[in-house]
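Every number in this text was worked out from the coordinates using simple rules, so none of it is lab data. Because the structure is a prediction, the values reported are computed rather than measured. With ideal geometry, Cβ positions are generated from the backbone for all residues, glycine too; neighbour counts draw on all protein chains shown.
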Amino acid sequence: MHNIGNDIVDLKLAKTESNWERRGFLEKQFTQKEQGEILNSENSFLKVWLFWSMKEAAYKCYTQKVKERFFAPQKFECTITSKDRGIVVFEENIFYTVSVFNAFYMSTIAREKKEETVIFSAIGLPSAIDLDLKIKLASETGVSVEGIEKRKTTIGAPLFYYQEELLIKSCSISHHGKYAAYAFNLDSKF
């Protein structure tokens, strides 16, 4: 089974609620290499939140596998490989990321295999995400939207069932400010 993780950052909210320039913030969250890239970037604010969303997405992917939560952002090291792609390394694990960003939000999907099929959607209203995800799941699996039930694992990862049958093994949902996003892995269907 291959897991998937995602993260979304409302950039307007991040600008007003998070002071990444405060003393100690970069040192607690980012490796020395990442700190150097942030400080030398043309847009340090965006680089901070790109690395943050990459780390969070990889963390969510990893915790689905080990079924345990922990806090260790410095141990997840990000490398940008192209404008929208990157790699996050945690211990012996490698996660492949794809990021989408605009003036309003930044969102990243992390997966264990480069070639996995992913469905992704960014939603303007977090309250609409569950229904949108169920509609996409129904479309991809051929089941009725009304019969899809959401349950959470012990670490809070969402699972979706149809008549007690698990539809997919890995799904990730994120909310921040006015935005929500989800990703699920079609390669993990039964």
Among the aspartates and glutamates, select those whose C-alpha is under 15 Å from the C-alpha of Lys169, and discard any that sit fewer than 8 residues away in the same chain.
Glu112, Glu116, Glu140, Glu149, Asp187
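Give me the dipole magnitude in Debye, nearest 20, for the chain about the Cα centre, with unit charges on the beta carbon: positive for Lys and Arg, negative for Asp and Glu.
Values: 26 positive and 25 negative charges, 61 e Å.
I would put it at about 300 debye.
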Over all alpha-carbon pairs of the stretch 98-171, lay out the pair-distance distribution in 10 Å bins, whole %, shortest bin first.
15, 45, 34, 5, 0
For the stretch 106-149, using Cα atoms only, the Rg and Dmax in Å read 12.3, 33
Sorted from largest down, what three extents in whole angstroms do the Cα atoms of the stretch 1-110 have along their principal axes?
38, 27, 26
Would you work out the relative contact order for the stretch 128-181, in percent, from Cα pairs under 8 angstrom that are 6 or more residues apart?
22
With no solvent and one point on each alpha carbon, what is the Debye value of log10 I(q)/I(0) for the chain at q = 0.12, 0.14, 0.16 Å⁻¹?
-0.57, -0.76, -0.98
What pairs in Lys136/Lys178; Lys12/Lys33; Lys113/Lys134; Lys55/Lys75; Lys28/Lys75 have C-alpha atoms more than 18 Å from each other?
Lys136/Lys178; Lys12/Lys33; Lys113/Lys134
Relative contact order, percent, of the chain when contacts are C-alpha pairs under 8 Å separated by at least 6 residues?
29
Going toward the positive end of the dipole of the chain, with +1 on Lys and Arg Cβ and -1 on Asp and Glu Cβ, which of Phe184, Thr63, Gln32 do you reach last?
Gln32
Can you tell me the FRET efficiency between Lys15 and Glu164 if r is taken as the Cβ-Cβ distance and R0 is 35 Å, rounded to the nearest 0.05?
0.20
The stretch 60-153 - Rg over Rh from alpha carbon coordinates, Kirkwood radius:
1.00
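Would you mind putting 160-168, 5-13 in packing order, based on average other-beta-carbon counts within 10 Å, highest first? If you can, show how the numbers build up before the last one.
On the way: 160-168: 15.2, 5-13: 22.7.
By packing density, highest mean first, the sequence is 5-13, 160-168.
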